[in-house]
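Structure first, then comments.
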């Protein structure tokens, strides 16, 4: 969920059942979603993972684990 801009406070009454973003915003859920999306984008930088060139699921999973370890080790 995208946080509501502060300049759109008066328009909250028109949201909800009428459409648009829901008026509630969960900060913790947004932080977790952001972390997952960033992780996936970092993994996509590995060409073999992004293109899914491995034939076997075991080989793809091994490449995923290796890329995850190397990304984690850089931090």
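Restricting the search to the range 53-68, which residues are over 19 Å from the mean Cα position of the chain (by Cα), part of a helix (DSSP H, G or I) and surrounded by 10 or more Cβ atoms within 10 Å (Cβ to Cβ)?
59, 60, 61, 62, 63, 66
Given the residues 24, 50, which is the only one that is assigned to a loop (DSSP other than H, G, I, E, B) and either at pLDDT 75 or above or out of contact with any helix residue (DSSP H, G or I) (no Cβ under 8 Å at 6 or more places or on another chain) (or both)?
The conditions single out 24.
The values are calculated or read from the model by the stated rules, or taken from the named source; none is laboratory data. No experiment lies behind these values; they were computed from the predicted model shown. A quick note on method: Cβ atoms are made from the backbone with ideal geometry, for glycine too, and the neighbour counts reach across all protein chains shown.
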